[in-house]
Ligand SMILES: [Zn+2]
């Protein structure tokens, strides 16, 4: 029997791990789509060290397909290998470049400080990687009465992101099953928008923003400009809690565009600091992989612009330089934008900046991505507007800085984009499974799909 099951991302937006199974008994085979880490409040059911072990059978799993390299989609891969998984890891070509980098960082933080062990795990991961070009079928299983092939299509979410089309045959049943991974917004900078699948008998779709739409790109740009102007006026710092991949590069791209457009003495004073070796590394990879950029970005390069490596951009690597920068910016009156990880303020260098800067009303904190419940980022967003406080490393910090959220950089499709993705499938799927969202978002999206197609719409629980 061809079946779909879920080992994560059903009660929240993290821990993505879905299974497609065919056959039964000794003949059972399957593949996993993603194997991500639980984060924020979802951690309750996954991220403590003892809980990270893979708690489902994997003997029949032939391959892992990775939709994209965000940690909530790939973070459990080392544990999957430790549990004995010995199949290939299928992903797009850019993802194959980025996956070892992102996992190296995750291993250092959550797994071990033992350099040799990290190298061994990374070596193992590299040896299993099978990069597959977009749009090309790749066979994973071909036996007498069952077969399974996958094809990756651009998802427009982050560099290398893909949705996965699976052609499954078992006996005389043939099905096309599509896993959306995370889908990008159509008007995001840098990456081409996702196209709807040409066929999907069953669809598993994310719903991070299933209940809302983003501001359009112009509105977003205008708001970003206003936040930057506040810093330019009074010499404050705009602090951006940065995710390593995706939103950060989009934001840098937009800032370069604003500087180019408005230029002048004022804007040329604005300094942009990337205080994160990992963000810097992924920005470099983004820069190197121009063939995957969209037409607009490619045009800029042709005009001689450097959207991800402009003059006012500084990168901070060492921890000592980081501490100096925090100290300097808290005292100086130079307008500056700082991008520092982690994106949800749950750790990393951004925490030092927050401690030094939240209390000063010259400063702004700009959130560009989803803030999971239970993270300091969510608390700052919720209480920052009412003169509230946030707890960082067990201490309270009053929030006087202005707090902003610009939704569209989150690199996720909004509600109407998700609906358009489904509406664009020529024959509506007979089953849609909604995953990867808060329950409000999932229910809202379910209602949209119900009025769109007369299909079975399932919100699975594990
Ligand atoms: Zn993602």
**Study point:** Length added when fully stretched, residue 461-residue 323, from 0.36 nm per residue minus Cα-Cα
**Key:** 45.3 nm
Exercise for review: Give me the angle, in degrees from 0 to 90, between the Cα long axis of helix 93-110 and the longest principal axis of the Cα atoms of the chain, rounded to the nearest 10.
Suggested key: 70
Review point. Exposure proxy check: 198, 395 ranked by fewest other beta carbons within 10 Å?
Key: 395, 198
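Exposure proxy check: 383, 79, 286 ranked by fewest other beta carbons within 10 Å?
383, 79, 286
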**Study point:** C-alpha long axis of helix 439-452 to longest principal axis of the chain, angle in °
**Key:** 60
Study note, to complete from the structure: Between the Cα axis of helix 277-288 and the main Cα principal axis of the chain, the angle (0 to 90°, nearest 10) is 70
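What fraction, in whole percent, of alpha-carbon pairs in the stretch 1-136 exceed 18 Å separation? It would help to have the intermediate numbers written out before the result.
Details: 4865 of 9180 pairs.
Roughly 53 percent, once rounded to a whole number.
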**Study point:** Euclidean distance of C-alpha centroids, the stretch 441-462 and the stretch 337-396, integer Å
**Key:** 34
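Taking each pair of different alpha-carbon atoms in the chain once, compute 1/r for the pair, average those values, and report the inverse of that mean as the Kirkwood hydrodynamic radius in Å to one decimal.
Taking every pair of different Cα atoms in the chain, averaging 1/r and inverting gives 22.7 Å.
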**Study point:** Label zone at residue 24 (point 7 Å along Cα-to-Cβ), backbone N below 18 Å, the stretch 121-154
**Key:** 145-147
Point to revise | Simple spin-label estimate for residue 234 and residue 134 in nanometres, 7 Å along Cα-Cβ | key: 4.4
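Give me Rg over Rh for the stretch 217-409, both radii from the alpha carbons and Rh done the Kirkwood way, two decimal places.
On the way: Rg = 15.9 Å, Rh = 16.8 Å.
So for the stretch 217-409, dividing Rg by the Kirkwood Rh gives 0.95.
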Revision key, fill the gap. Least to most buried among 318, 342, 332, by other C-beta atoms within 10 Å and fewest first, runs 318, 332, 342
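Can you show me the helix-derived [θ] at 222 nm for the chain, built from DSSP H runs with n ≥ 4 at -39,500 (n - 2.57) apiece and divided by the number of residues, rounded to the nearest 500.
Roughly -10000 deg cm²/dmol at 222 nm, from the helical runs in the chain.
Any read-out appearing in this document is the output of simple, stated calculations on the displayed coordinates, not a laboratory observation. Owing to the predicted nature of the structure, the values given are computational and were not obtained by experimental measurement. Counting neighbours? That spans all protein chains shown, and the Cβs are built from the backbone with ideal geometry, glycine included.
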